[in-house]
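*Asks:* The following block contains the structure, expressed as structure tokens.
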């Protein structure tokens, strides 16, 4: 083989190697482009999915926070409460038309009150008077009207309702000598407020309680 033929063979070999290198680089570049495009598309999908999960979690947490902030007073009143102060109690008791003994007793009475859930929509309120050995117990029902003996010894009938728009408890009572009365129970800034009203006389009193440790 002549030197010219040998050189020509080497040139062809180099050209084939260059072509193979170019083909390999092209395939790698194309594959890389497809892979990166797939990764980019997948990343966008993952980002959107992560955002959706975050948004759903945030909404769920916000809803949970809102539910915690607006817990039903029927749950919040449970437990024992200590009386802090009163407004208008003496005047209210005078308007109840109770006996002299009852008036003396009621005006001096300061008591803790405890609410217990006995069954769904059926509660018991217990008043612990410091100088009485036996506490005073009264029903509180939301399922039906209920009858009991009032503190001044008269049989009365009450009907309690939970008012969602105010998140309070509103009790209408009939049968007492003072006429129809209402009692509103609300909790504001961790303070329980009982507002009693003699409807026909438009006389009210308030009792303020704080949760007992």
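*Asks:* Is it fair to say residue 140 is farther than 21 Å from residue 193 by Cα and either part of a strand (DSSP E or B) or within 22 Å of the chain's Cα centre (by Cα) (or both)? First the steps, then the outcome.
*Replies:* Working: farther than 21 Å from residue 193 by Cα: no; either part of a strand (DSSP E or B) or within 22 Å of the chain's Cα centre (by Cα) (or both): yes.
Judged against the criteria, residue 140 is not a match.
*Asks:* Another question, if that's okay. Checking residue 128 against (1) farther than 19 Å from residue 79 by Cβ; (2) more than 28 Å from the chain's Cα centre (by Cα); (3) assigned to a strand (DSSP E or B), which single condition isn't satisfied?
*Replies:* Of everything listed in (1) farther than 19 Å from residue 79 by Cβ; (2) more than 28 Å from the chain's Cα centre (by Cα); (3) assigned to a strand (DSSP E or B), residue 128 misses just condition (1).
*Asks:* So, in region 80-111, exactly how many residues are in contact with a strand residue (DSSP E or B) (Cβ under 6 Å, 6 or more places away or on another chain) and closer than 22 Å to residue 134 by Cα?
*Replies:* Going through region 80-111, the residues in contact with a strand residue (DSSP E or B) (Cβ under 6 Å, 6 or more places away or on another chain) turn out to be 80-89, 92, 95, 109-111.
Narrowing further to those that are closer than 22 Å to residue 134 by Cα: 80-84, 109-111.
The total comes to 8.
*Asks:* Just need a number here: residues in region 172-194 that are surrounded by fewer than 18 Cβ atoms within 10 Å (Cβ to Cβ) and free of Cβ contacts under 8 Å to residues at least 40 places away in the same chain.
*Replies:* Let us first name the residues in region 172-194 that are surrounded by fewer than 18 Cβ atoms within 10 Å (Cβ to Cβ), namely 172, 174-175, 177, 179-180, 182-184, 188-191, 193.
Narrowing further to those that are free of Cβ contacts under 8 Å to residues at least 40 places away in the same chain: 172, 174-175, 179-180, 182-184, 188-190, 193.
Going through region 172-194 one residue at a time, the tally reaches 12.
*Asks:* Let me ask something else about it. Out of all the residues in region 111-120, which are farther than 13 Å from residue 77 by Cα and exposed (fewer than 15 other Cβ atoms within 10 Å of the Cβ)? Talk me through it step by step, then tell me what you get.
*Replies:* Applying the first criterion (farther than 13 Å from residue 77 by Cα) to region 111-120 yields 111, 118-120.
Matches in region 111-120: 118, 119, 120.
*Asks:* Would region 149-162 turn up any residue that is under 28 Å from residue 213 (Cβ atoms), touching a residue at least 60 places away in the same chain (Cβ under 8 Å) and surrounded by 12 or more Cβ atoms within 10 Å (Cβ to Cβ)? Break it down into steps so the answer makes sense when it comes.
*Replies:* Pass one, region 149-162, residues under 28 Å from residue 213 (Cβ atoms): 151, 160, 162.
Subsequent filtering for residues that are touching a residue at least 60 places away in the same chain (Cβ under 8 Å) retains 162.
Now narrow it down to the ones that are surrounded by 12 or more Cβ atoms within 10 Å (Cβ to Cβ): 162.
Yes: region 149-162 contains one or more residues that are under 28 Å from residue 213 (Cβ atoms), touching a residue at least 60 places away in the same chain (Cβ under 8 Å) and surrounded by 12 or more Cβ atoms within 10 Å (Cβ to Cβ).
Read the figures in this text as sums done on the coordinates, not as results from a lab. Predicted model, so just to flag it, every value in this text is computed and none were measured. So basically every Cβ, Gly included, is an ideal-geometry build from the backbone, and we count neighbours across all protein chains shown.
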